[in-house]
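Structure first, commentary second.
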Amino acid sequence: MHESRPIQPLGTNGSFVDYSLDFQSPALRAVFNLWRDKWQNGLLPGRGDFDPMEMKPYLGDLFIVESLPEIDNFRYTLIGTRITGWVGVDNTGQLVDAVLGEHTRLLYCSLRDEARAGRAFGPVGWRDKDFLRYEVAILPLSDDKKTVNRFLGCMEFFLASDNT
């Protein structure tokens, strides 16, 4: 079990990281629970451990990021259609730091190195859509059940005026 950390700022746009994994979105909580149920005996789940049918309600909200250890970065390999609809661009194939900045790359490095999940939330300032807010679950995956080599993410958006 990882030591508890308080909520910490993520960059300078008003986003935060919450290591307590206190998901507000029911969809994120459901995807987190599916992921957690597949983490058996200290062995991380892999991408192949998930049945697309169990993930069907969330497919548009999912993304996959692969680790690129040779450049200590991460690349989006899949981005759901609801995410691209809200954000207005499909960043599949792009590097995390090019899309969301160095602070997000460093967050992924930390989560990879510690083999832990994370939650982030805040305004969608990276697309000049400050009227939108997001919440995201970042869940480590491993092909060999030990070394994190990608992340499954689930991301939801809502209007900044919503109190959800």
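Rule-based calculations on the coordinates, nothing more; no lab input. Predicted model, so just to flag it, every value in this text is computed and none were measured. In this analysis, Cβ positions are derived from the backbone assuming ideal geometry, glycine residues included, and neighbour counts consider all displayed protein chains.
Computed values, structure above
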| item | result |
| --- | --- |
| Loop-located trypsin sites (Lys or Arg not before Pro) in segment 67-164, at most 15 other Cβ atoms within 10 Å (DSSP) | K145, K146 |
| Rg/Rg_ref, segment 93-164, where Rg_ref = 2.2 N^0.38 Å and atoms are Cα | 1.22 |
| Within-10-Å neighbourhood charge of S25 [Cβ basis; K, R +1; D, E -1] | -1 |
| Most positive-pole-ward Cα, M55, G14, G101, against dipole of the chain from beta carbon charges | M55 |
| Ranking of I138, I64 by count of other Cβ atoms within 10 Å, fewest first | I64, I138 |
| Cβ-placed point charges (K, R +1; D, E -1), dipole of segment 1-158 about Cα centre in debye, nearest 20 | 220 debye |
| Exposed GluC sites (Glu not before Pro) absent: longest stretch of the chain, with sites in DSSP loops and at most 10 other Cβ within 10 Å deemed exposed | 71-164 |
| With Cα atoms, 0 to 90° folded angle of helix 26-38 axis to the chain main axis | 10 degrees |
| Segment 1-64 shape via C-alpha gyration tensor axes, a/c threshold 1.5 | oblate |
| Amide proton proximity set for N73, modelled H, under 5 Å, gap of 5+ | L68 |
| Cα coordinate range in the chain, projected on the principal axes (Å, largest first) | 42, 34, 33 |
| Shape of segment 10-104, Cα gyration tensor, a/c cut at 1.5 | rounded |
| For W35, net neighbour charge (Lys/Arg +1, Asp/Glu -1) across residues whose Cβ lies under 15 Å away | +3 |
